[in-house]
1. Taking a ≥ b ≥ c as the square roots of the Cα gyration tensor eigenvalues, with a/c under 1.5 meaning rounded and otherwise prolate when a/b beats b/c, else oblate, which class fits region 42-275?
2. Take peptides 161-173, 181-193 and line them up by average Cβ neighbours within 10 Å, highest first, as a rough protection proxy.
3. Indicate the gyration tensor shape class of region 143-223 (rounded, prolate or oblate), computed on the Cα atoms with a ≥ b ≥ c the square roots of the eigenvalues: a/c under 1.5 is rounded; otherwise a/b larger than b/c is prolate and the rest oblate.
4. Note the full-extension length gain between Asn89 and Lys101 as 0.36 nm times their separation in residues minus their Cα-Cα distance, in nm to one decimal.
5. If I stretch the segment between Glu156 and Glu82 completely, what's the gain in nm (0.36 nm per residue apart, minus their alpha carbon distance), one decimal?
6. By how many nm would the segment from His195 to Asn240 grow when fully extended, if each residue of separation counts as 0.36 nm and the alpha-carbon distance is taken off?
Amino acid sequence: MIIMDKIKLPIEGKLPNGWEIKYYTLMGKFYYWLRMLGGDKRAKTGELQEADVEIIEDIPGGLVLKNTEIRDHLSETPLNSEIFEVTKNGAPLIKLGDGSKPRVMLTAGVHGNELPPQIAALNLVNDLNGKGLNGTVYVVPFTAPQASAQNSKLHENDNLNLVADVPGTPTNTIINVAQGLKINALADFHATSTHPAENSVIYFLDIRSSKMAVYINKKTNSRLLAHIYNQGTLITAASNQDIPTILCEVESPDGLATESSIQDAYHQMKTFLEFHRVI
């Protein structure tokens, strides 16, 4: 990646056959890179694999199905039943794929009352279950199951997006898990009702984060925003551990979900995976 102050490509002659230049401007800088035409031609890896549901026991569990606003938007599937059983005892970690790179992680439920991405995450794992992937997807649909069960923004009186740098908190635990899994990129999904509430994608001031965000901005019509540094947010704490991270938001009232807001969150998730050519 090369950063320039003016839009002038330092490439003479023709590009090699089968390659194209991708570029964008951000904060007064011009970014470009070469990309193979037609996307990634890799064959999908290995045999078709069923989802593997694990448990993050360091995070307290909760009876998420007590939250009727979540339950009423979900289909009854064997995978959902397994996930909710695990969630009684900790945060569920769903693995899709064979462990190969790229290894990406999606999180939802940092705020338990932001429901569309939590529901969308379950829809996503059901749709990808048994599919061939170019890499591995890890999904944490309920970062704080107790808060999700209570339809509460706070977990044990903590705003988890202010304490991700504090050992022992669910968000800090998620970062430790991501490091242990050698995650190549992380996307944290939220909903917002704060004025001006709108679908958005927020990037850390890092080229890897901004590339992901610009792609999602263009594909989903989500507003592109720069992250205001706060060491306690998940996006900051993960980025500080060298995990490229973005935060996506969809417009939704607190504690509620609609089919359109769920679909918007789902679209952001799928686009994140498309950027990394996992699907």
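Only the coordinates and a few stated rules stand behind these numbers; no lab work does. Computed from a prediction, not measured in an experiment: that's the story for all the values here. Cβ sites come from the backbone with ideal geometry, for glycine too, and all protein chains shown count toward neighbours.
1. Working: a/c = 1.19, a/b = 1.00, b/c = 1.18.
Here region 42-275 falls in the rounded category.
2. On the way: 161-173: 18.9, 181-193: 21.6.
Top of the packing list down: 181-193, 161-173.
3. Working: a/c = 2.34, a/b = 1.24, b/c = 1.89.
Oblate, because a/c is 1.5 or more while a/b does not exceed b/c.
4. Numbers: separation 12, 0.36 × 12 = 4.32 nm, distance 2.92 nm.
This chain segment gains 1.4 nm when fully extended.
5. Working: separation 74, 0.36 × 74 = 26.64 nm, distance 2.55 nm.
Extra length from Glu156 to Glu82 when fully extended: 24.1 nm.
6. Working: separation 45, 0.36 × 45 = 16.20 nm, distance 2.86 nm.
Length gained, His195 through Asn240: 13.3 nm.
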